[in-house]
Amino acid sequence: MNKEVSPQPLLLEGERVDDLQRRGLKIIQNRSLFCFGTDAVLLAWYAGVKEGGRALDLGTGTGIVPLLMYGRYGRGSYTGLEISARCADMARRSVRMNSLEETITIIHGDIREADRIFPAASFDTVTGNPPYMAADSGIVPKDREIAAARHEILGRLEDFTRAAARALKPGGSFYMVHRPGRLAQIFACLQQDGMEPKRMRFVHPRADKEPSLVLIEAVRGAGAGLTVQAPLILYEADGTPSAAMNEIYGQEAEG
């Protein structure tokens, strides 16, 4: 006789549900593990997906980028690949909470083995928010999962670009957010893997501050030619959100 299996609880100890204010979507987060930031919101806003297209998010964390992209476009299918079992579990429960199991798939796996997980050239769009810091730079957090989100411990920049290039269809786009100080290495990795940077936008905390982030679109198999877009300013001098920032978050807050 089979025992009845109780369903997995929606929330575990230390977790909370946050309202994404877009299509009624919500996400499960745990402050002691890792919570998404502005960079993930900007990446989801900058990236695009075609009607009926397939999108892959490398290092998806708790699934914020697929959720926001679905919330913005409401089309296509989304897959998130995440090496942390705890984060992947939270992402799956967020997908279930939003009844998006047929639209968003979360896979627990290593981006360095993405070519074994997914067929080659099977996605129209790939997104990625790689760790910003080298494995041996700065203060590395003791918690390995938090450390891996910030430092290149379980995946280097070149691992992300290689995985993106293999997963993308010819002409497909890889969107990423990173630190401007690593632009030379970013471009070298992209071009080495057959992707050409086509659009780039620097993100400044304020107009009088140096850029803190850079948004990039690279296209697999494209010819040379890069458009540097107008800077994106996040805050006014008095600390209030800029018009652009209000527009980005306003889009996320629409019905």
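For this structure, a couple of remarks:
- Local electrostatic count at Arg31 - Lys and Arg +1, Asp and Glu -1, tallied over other residues with Cβ under 11 Å: -1
- Relative contact order (%) - the chain, alpha-carbon pairs under 8 angstrom, separation at least six: 17
- The number of Lys pairs in the chain with C-alpha atoms less than 25 Å apart, excluding pairs fewer than 8 positions apart on the same chain, is 5.
- Cut-off 14 Å between beta-carbons: net charge of the residues surrounding Glu102, Lys and Arg +1, Asp and Glu -1: +3
- Over the chain: helical MRE at 222 nm, DSSP H runs n ≥ 4 each giving -39500 (n - 2.57), nearest 500: -8500 deg cm²/dmol
No lab work stands behind these numbers, since they all come straight from the coordinates. This one's a predicted model, so the numbers in the text were calculated from it and none came from an experiment. Quick reminder, even Gly has a Cβ in these numbers, built from the backbone with ideal geometry, and neighbours come from all protein chains shown.
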